[in-house]
Amino acid sequence: MKVYFHLNLSGFSNCYVVVNEEAGEAIIIDPGKITDGIISQIEDNNLKLSAVLVTHNHGSHVDGIKTLRKIYNPKIYAADWEVAKNDTNVLMGDGKIRVAKMVVRYMTMPGHTADSIVYGIGNLLFTGDVLFAGSMGSTNSSYSELILRTNIENNIFSQQDGLVLMPGHGPPSTVEAARLFTID
């Protein structure tokens, strides 16, 4: 498995292309903007775009879906039906799916938004706007903050120290570093 990082300058959000080289398939996580670089990466390597995973329905994380759907026919996974309407494979709770011949774990993590979801592939957790290097995501109420904090403590901080966090904005981190520096 290889992971490629792409920065969406309009929202300063992270987009990830996860490639299963053996299968020749790829997953895109949070396609805020589809650039020539992303398309070239898929086309030049003869990859099949199997799926799009959305961590939450904010423009800087989903605006590229329209472009992808004009070129490819990926399955779209999110916790919000509105991401791609009837083409959205809605995920609820916690579970596993198999895409690009890889096992993808998912955990719904409301707090930043009601539809926030974290994806795990191998030793990586794609956290969207739930958790960043050194801080947790923003919320719109003290109740949402309590829910988010509880979800992070129970579902992310309980993971192995070396698990790598791939956030929706900013640099990667680890569970250990996040546990030490994120929540008072």
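A few comments on the model shown:
- Summed over segment 121-150, the residues that are part of a strand (DSSP E or B), small (G, A, S) and open to solvent by 20 Å² or more (accessible area, probe 1.4 Å) give a count of 1.
- Among the residues making up segment 28-61, those that are of a type outside the set (D, E, K, R), open to solvent by 20 Å² or more (accessible area, probe 1.4 Å) and touching a residue at least 24 places away in the same chain (Cβ under 8 Å) are I34, T35, G37, I39, Q41, N45, L47, N57, H58, G59, S60.
- Figure legend. Inter-residue proximity from segment 95-120: first residues surrounded by 18 or more Cβ atoms within 10 Å (Cβ to Cβ), second residues among the acidic types (D, E) and assigned to a loop (DSSP other than H, G, I, E, B), beta-carbon distance below 7 Å, spacing 6+ or different chains. Indicated pairs: H112/D129; D115/D80; S116/D129.
- Of all residues in segment 62-86, those satisfying the criterion of being aliphatic (A, V, I, L, M) and crowded, with 17+ Cβ neighbours inside 10 Å are V62, I65, L68, I76, A78, A79, V83, A84.
- Inter-residue pairs, beta-carbon under 6 Å, first touching a residue at least 60 places away in the same chain (Cβ under 8 Å) and in segment 165-184, second outside any loop (DSSP other than H, G, I, E, B) and of a type in the set (A, V, I, L, M), 6+ apart: M166/L124
- Exactly one residue among L146, L91, L131 is of a type in the set (A, V, I, L, M) and either farther than 19 Å from G168 by Cβ or without any contact (Cβ under 8 Å) to a residue 12 or more places away in the chain (or both), and that residue is L146.
- Search result, residues across segment 112-136 that are under 19 Å from R98 (Cα atoms) and polar (S, T, N, Q): N123, T127
The values are calculated or read from the model by the stated rules, or taken from the named source; none is laboratory data. Note that the structure is predicted; figures quoted are calculated from it, not measured. With ideal geometry, Cβ positions are generated from the backbone for all residues, glycine too; neighbour counts draw on all protein chains shown. SASA here: full protein model, heavy atoms, side chains in, ligands and nucleic acids out. Shrake-Rupley method; radii C 1.70, N 1.55, O 1.52, S 1.80 Å.
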